[in-house]
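One structure below.
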Amino acid sequence: MRKIIIDTDTGSDDAVAIMMCLRDPSVEVVALTTVSGNVPVEQATLNCLMSAEIAVGAENVPPAYVGADRPLMRDRVHARNVHGDDGMSDCGLIHPSVSPQEGIHACDAIIEYVRKYPDEIELAVIGPVTNVALAMMKEPDVMKHVKCIWTMGTTGLHGRGNTTPVSEFNVYADPEAYRIMMDFGVHVYVGGYDLCTSEAAWFDEDTERLLASGKEAAAYAVRCNEKLAQFCLGIGGERRIDLPDAVSLAPMLWEDVIVSSSPCVSHVCTEHNETYGQVIFYDGGILAGMGPGFDGDYYGKSKPNCTVITQVDNGMYKQRLEKLLTE
Ligand code: RIB
Ligand code: CA
């Protein structure tokens, strides 16, 4: 059974991804780790635990570990304007009966799980990657035995930013950490924000069907995303619930959901200018000054360090997600 650690800044789209992974029988979520991002880490932890409890029952919630309460270098960034003050639409949903583990930081927990299960642990990183970067800096010889990383982050191969014109939130909230993770040497599967802005989103017909199911998890998943629906209405003129974390982790659960992907070398921009938090991907194509192939030296990389998921089967993903939430 594949062993997964979900590292999350639990806002409302993380909540759906967490429930999707916990309910899918193809993986074992061995631990949950939380990080500052959408909301402060304390709130993210409450949201994470509540979502897991709704998904699998309090007695089956995996061990949860509280992580970084701030980025490595920059000031804190939150997204309360997107997900609400509590990150879950401020509608009184968050009252977990379970608590996080005491006395061990999330980055140390990640290290210990990788030490215990070398070359087996897959990291599903759906927030800023501060905890992962800390673990890599603290115990590189252990962390090189991470099997692989699945990240919701970046704008994708050609997408636009959701936080600056060129930067996606999970990177922008801690670009220095993202650069450490991408350059570390463990292969990274990247789900960019561009995956969630298409037909992968929930529209009214989707949320009405979920609510009509009468299932607690389905109702919770819709209700906690009400503020996100309003945010999307405000920026795009239509009610939709973009779920970047859920659609980005679908390829981890179901390889057949991947329509296309591209091995790339990446460069994370950490210079303090307009590119701060941008992630540039080079897919080896022929350019006026580069390519073909990776025989060149692109920012010190001569072979792909990541695979960018460029398209998923939206219908298949949404159908499987809905099945898991309404079972
Ligand atoms: O840019 C979207 C990402 O930032 C998602 O993971 C969302 O939950 C926030 O963390
Ligand atoms: Ca997230």
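The values are calculated or read from the model by the stated rules, or taken from the named source; none is laboratory data. Note that the structure is predicted; figures quoted are calculated from it, not measured. Here Cβ is always computed from backbone atoms with ideal geometry, including for glycine, and neighbour counts include all displayed protein chains. Just so you know, the surface numbers come from the protein's heavy atoms only, side chains and all, with ligands and any DNA or RNA stripped out. Shrake-Rupley method; radii C 1.70, N 1.55, O 1.52, S 1.80 Å.
Relative contact order of the range 106-261, taken over Cα pairs closer than 8 Å and 6 or more residues apart, is 21 percent.
By the compact-protein rule of thumb, 2.2 N^0.38 Å, the alpha-carbon radius of gyration of the range 32-124 corresponds to a ratio of 1.14.
For a distance above 22 Å, tell me the whole-number percent of Cα pairs in the range 145-250 that qualify.
Details: 2156 of 5565 pairs.
Every Cα pair in the range 145-250 considered, those over 22 Å come to 39 percent.
Charged neighbours of Thr130, selected by a Cβ distance under 10 Å, balance to -4 (K, R count +1; D, E count -1). In terms of Cα atoms, the Rg and Dmax of the chain work out to 18.4, 58 Å.
Give me the percent relative contact order of the range 26-107, please, defined on Cα pairs under 8 angstrom at least 6 residues apart. With pairs under 8 Å counted, the relative contact order is 39 percent. Shape analysis of the range 70-201 places it in the oblate category; the axes a ≥ b ≥ c from the Cα gyration tensor give an a/c of at least 1.5, with a/b not above b/c.
Ordering Thr270, Ala201, Ile5 by Cα displacement along the dipole of the chain toward the positive end leaves Thr270 in first place; charges were set at the Cβ atoms of Lys, Arg (+1) and Asp, Glu (-1).
Across the chain, how many lysine pairs, 8 or more apart or on two chains, come within less than 30 Å at their alpha-carbon atoms? Final tally of qualifying lysine pairs is 27. Sorting the segments 157-165, 125-133 by their residues' average number of neighbouring beta-carbon atoms within 10 angstrom, most packed first, yields 125-133, 157-165. Couplings 3J(HN,Hα) for the range 65-74, derived from phi with the Karplus relation 6.51 cos²θ - 1.76 cosθ + 1.60 (θ = phi - 60°), are 10, 7, x, 4, 9, 7, x, 4, 10, 7 Hz, where x marks Gly and Pro. For a test of the definition: using alpha carbon positions, the gyration tensor, and the 1.5 limit on a/c, classify the range 177-327 as rounded, prolate or oblate. It comes out prolate by the Cα gyration axes. Sorting Asp24, Asp194 by solvent-accessible area of protein heavy atoms yields Asp194, Asp24, largest first, with a 1.4 Å probe. Rolling a 1.4 Å probe over the protein chains gives Arg74 an accessible area of about 40 Å². Spacing of the modelled spin labels on Met290 and Arg80, each 7 Å from Cα toward Cβ, amounts to 4.0 nm. For the residues Asn47, Asn170, Asn60, a GNM of the chain with alpha-carbon springs under 10 Å puts the largest fluctuation on Asn60.
Hey, any idea what % of the range 92-219's accessible area is carbon plus sulfur with a 1.4 Å probe?
Numbers: 2610 of 5210 Å².
Here it works out to 50 percent.
If you take the square roots of the eigenvalues of the alpha-carbon gyration tensor of the range 277-320 and sort them as a ≥ b ≥ c, do you get rounded (a/c under 1.5), prolate (a/b over b/c) or oblate? Walk me through the numbers on the way to the answer.
Details: a/c = 3.01, a/b = 2.50, b/c = 1.20.
Judged from the Cα gyration tensor, the range 277-320 comes out prolate (a/c at least 1.5, a/b above b/c).
Could you work out the relative contact order of the chain, using alpha carbon pairs under 8 angstrom and six or more residues apart, expressed as a whole percent? Numbers along the way, then the final one.
Working: 763 pairs, mean separation 60.9, N = 327.
About 19 percent, as a whole number.
If you plug the beta carbon distance of Thr326 and Tyr299 into 1/(1 + (r/R0)^6) with R0 = 41 Å, you get a FRET efficiency near 0.35.
May I ask for the distance between the Cα centers of the range 98-154 and the range 276-327, given as a whole number of Å? Computed from Cα coordinates, the inter-centre distance equals 22 Å.
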